[in-house]
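Enquirer: Take a look at the following structure, please.
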């Protein structure tokens, strides 16, 4: 989920780029072309590390390499194979189920924290804001490792904590519990970051709105749910989209916890782990590319459709 | 956040309710803090234990052992595999700083170009760029690996640094910010005075863009620092690994290996040391990123 780090509160507004008329426009048309000079260095990187790899992944996915025949064109064979491959489908089903449970929990936790923090200005609240955010500054690898230790029956505190209630501690990474175990790791890692984004959006609301509502007899709950939440809906929509993009490419946490999970996380646990294993353990780069590309297309279309459907709420219309 | 009781008379109600609500809110916050701080507390405590103390310590997992071995652990980090840990940490710094600064420079230039020039194809290009924000970057790792390996660049520092220069979101952020923060009138005035395009950019626009630059720099540095999938795929030489991948290897080795190759105490102490730089920068640069993170939702 590391990629989320580069995409916080932005509003990826599709083609809203109508320029305001500038005064230089009519006078100096030659000069407008100089814009390309500013854009050129980025364009070079954009083409080399985004457009070309995407195109190449697609090209590779349409080919198959065999020892006998070398690399040859095989059309959509790799895709047919992927969508009938139980291991791939299993991984897809897992990340879908995982997002369905994770995202509501994560958004509730971050929204609740942000709403509470927005109401307070005490020292404790400032300190809490920082502490809740701190996991964002910790690499996902380290976060996953720490939870791996905490879950460990050998040297984690989980036995003690459950022992206080007189219950035997569950192993959070056993096949039955691994879903909840990972859920907790991801909520811990990202809720603070989302909280800060929501909090910033809340701070942007003009407080006179609350005064007016209070005059009309609204209580704290009503102000929070009927005024604050609707007013920050664009921030919530975007968090949702970025959470989906992040969760569907789930890789780092399960990869790190694999070694301590005693078999409950296998080589096809998520589509990305499966693609990684195919490419680097079995050298099946073509098939791995088909899986990567299919995943990318699904995520891209999914988030685009979501942004389109929610355009009234997210203010992009 | 407990709901106020509506039965009391309004005057006496306000204060009592506020206080009670604050008590409820503060309890909620304390619980959240405990949850979010628990792993960190555990990490700090565990980094002071030796490998036996981790398993059979007297204080339990959440308290200090009778022996205090933090210094010994740090010392062992210097001796293990010839102090390779510090090399990993240095690599992480190198990748994060070069990748972060590079991505920021490219984003500032491009964002300014998009915001202030109306060149041919600009709108189409920008639409493509916005779409690319939604391409999951991990989908690019495998083809990027194959391409880099064709170019003979895998297993070099460039395999990590060059792809890290890509930050479509940074460009988007800079464009949105530059649109309003740099008035056209100022640019025109500079041009009338005879300044060239680049000079106008450096002397007029750059100073106005500073808040957005800090934000983009922070976000892209953190992204590179945290990256795991890309370096895992493109690097195989242990000396080139960033600290995330390096510690991941030690962890896997400790799980599978025999007692002699277990490095749990090093993994833990190494993890603690590696998170200090970022945590400290976030705490000390608060006022920059707290303002900056809302930049994207300016619209």
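Enquirer: Within the range B:232-299, which helices (runs of 4 or more DSSP H) (wholly inside it) include 2 or more residues that are modelled with pLDDT of 90 or more?
Expert: Because the criterion is at least 2 residues that are modelled with pLDDT of 90 or more, the helices (runs of 4 or more DSSP H) in the range B:232-299 that meet it are B:243-256, B:264-284.
Enquirer: Please specify each residue of the range A:174-213 satisfying the condition of being without any contact (Cβ under 8 Å) to a residue 24 or more places away in the chain and within 19 Å of the chain's Cα centre (by Cα).
Expert: Answer for the range A:174-213, where residues must be without any contact (Cβ under 8 Å) to a residue 24 or more places away in the chain and within 19 Å of the chain's Cα centre (by Cα): just A:180.
Enquirer: If you take just the helices (runs of 4 or more DSSP H) that sit entirely in the range A:1-65, which of them hold at least 2 residues that are surrounded by 15 or more Cβ atoms within 10 Å (Cβ to Cβ) and at pLDDT 50 or above?
Expert: A:29-32, A:35-46, A:52-61
Enquirer: Determine if the range B:195-216 includes at least one residue that is under 22 Å from the mean Cα position of the chain (by Cα) and within 10 Å of chain A (Cβ to nearest Cβ).
Expert: Yes: one or more hits.
Enquirer: Tally time: how many residues in the range B:148-173 are at the interface with chain A (Cβ under 10 Å from one of its Cβ atoms), touching a helix residue (DSSP H, G or I) at 6+ places or on another chain (Cβ under 6 Å) and in a helix (DSSP H, G or I)?
Expert: Counting residues in the range B:148-173 that are at the interface with chain A (Cβ under 10 Å from one of its Cβ atoms), touching a helix residue (DSSP H, G or I) at 6+ places or on another chain (Cβ under 6 Å) and in a helix (DSSP H, G or I) gives 8.
Enquirer: Scan the range A:274-284 for residues that are over 25 Å from the mean Cα position of the chain (by Cα) and at negative phi and jot them down. If you could, list the steps in order and put the result at the bottom.
Expert: Within the range A:274-284, the first condition is being over 25 Å from the mean Cα position of the chain (by Cα), and the residues that meet it are A:281-284.
A:281, A:282, A:284, listed by residue number.
Enquirer: Considering B:54, B:29, B:40, which residue is at pLDDT below 85 and under 32 Å from the mean Cα position of the chain (by Cα)?
Expert: B:54
Enquirer: When the residues of the range A:214-232 are filtered to those that are surrounded by 16 or more Cβ atoms within 10 Å (Cβ to Cβ) and touching a residue at least 24 places away in the same chain (Cβ under 8 Å), which remaining residue is farthest from residue A:196 (Cα to Cα)?
Expert: A:220
Enquirer: Output yes when any residue across the range B:174-189 is buried (at least 21 other Cβ atoms within 10 Å of the Cβ) and at the interface with another protein chain (Cβ under 7 Å from one of its Cβ atoms), and no when none is.
Expert: no
Enquirer: Please go through (1) more than 25 Å from the chain's Cα centre (by Cα); (2) farther than 30 Å from residue A:233 by Cβ for residue A:83 and return the number of the only condition it doesn't satisfy.
Expert: (1)
Enquirer: Next question. Looking only at the range A:84-140, how many residues end up being touching a helix residue (DSSP H, G or I) at 6+ places or on another chain (Cβ under 9 Å), more than 10 Å from every other protein chain (Cβ to nearest Cβ) and not in a helix (DSSP H, G or I)?
Expert: 1
Enquirer: Could you figure out which of (1) part of a helix (DSSP H, G or I); (2) in contact with a helix residue (DSSP H, G or I) (Cβ under 9 Å, 6 or more places away or on another chain) isn't true of residue A:221?
Expert: It fails just one condition, (2).
Enquirer: Test residue B:73 against the stated conditions and say whether it is surrounded by fewer than 16 Cβ atoms within 10 Å (Cβ to Cβ), more than 7 Å from chain A (Cβ to nearest Cβ) and modelled with pLDDT under 90. Walk me through it before giving the result.
Expert: On the way: surrounded by fewer than 16 Cβ atoms within 10 Å (Cβ to Cβ): no; more than 7 Å from chain A (Cβ to nearest Cβ): yes; modelled with pLDDT under 90: yes.
Against the criterion (surrounded by fewer than 16 Cβ atoms within 10 Å (Cβ to Cβ), more than 7 Å from chain A (Cβ to nearest Cβ) and modelled with pLDDT under 90), residue B:73 does not qualify.
Enquirer: Assess whether residue B:220 counts as being assigned by TED's automatic domain parsing to the domain that holds residue B:111 and at pLDDT below 85.
Expert: Criteria not met by residue B:220.
Enquirer: Sticking with this structure for a sec: What pairs can you find where one residue is in the range A:57-73 and within 11 Å of another protein chain (Cβ to nearest Cβ) and touching a residue at least 12 places away in the same chain (Cβ under 8 Å), the other is surrounded by fewer than 16 Cβ atoms within 10 Å (Cβ to Cβ) and assigned to a strand (DSSP E or B), and their Cβ atoms are less than 9 Å apart, with a gap of 6+ or different chains?
Expert: Correct list of pairs: A:60/A:71.
Enquirer: Looking at residue B:143, is it surrounded by fewer than 21 Cβ atoms within 10 Å (Cβ to Cβ), in a helix (DSSP H, G or I) and assigned by TED's automatic domain parsing to the domain that holds residue B:98?
Expert: Working: surrounded by fewer than 21 Cβ atoms within 10 Å (Cβ to Cβ): no; in a helix (DSSP H, G or I): yes; assigned by TED's automatic domain parsing to the domain that holds residue B:98: yes.
No: the conditions fail for residue B:143.
Enquirer: Which members of the range B:95-133 meet the condition of being surrounded by fewer than 24 Cβ atoms within 10 Å (Cβ to Cβ), closer than 14 Å to residue B:162 by Cα and facing another protein chain (nearest Cβ under 9 Å)?
Expert: Within the range B:95-133, B:102, B:105 meet the criteria.
Enquirer: Same structure, new question: Does the range A:290-310 contain any residue that is at pLDDT 90 or above and either more than 7 Å from chain B (Cβ to nearest Cβ) or outside any helix (DSSP H, G or I) (or both)?
Expert: Looking through the range A:290-310, at least one residue is at pLDDT 90 or above and either more than 7 Å from chain B (Cβ to nearest Cβ) or outside any helix (DSSP H, G or I) (or both).
Enquirer: Among the residues of the range A:198-218, count how many are closer than 25 Å to residue B:289 by Cα and either within 9 Å of another protein chain (Cβ to nearest Cβ) or part of a loop (DSSP other than H, G, I, E, B) (or both).
Expert: Of the residues in that region, 8 qualify.
Enquirer: Taking the stated definitions as given, is residue A:148 more than 30 Å from residue A:125 (Cβ to Cβ), touching a residue at least 60 places away in the same chain (Cβ under 8 Å), touching a helix residue (DSSP H, G or I) at 6+ places or on another chain (Cβ under 7 Å) and part of a helix (DSSP H, G or I)?
Expert: yes
The values are calculated or read from the model by the stated rules, or taken from the named source; none is laboratory data. Keep in mind that this is a model prediction, so the values were computed, not measured. All Cβ positions, glycine included, derive from the backbone under ideal geometry; neighbour counts span all protein chains shown.
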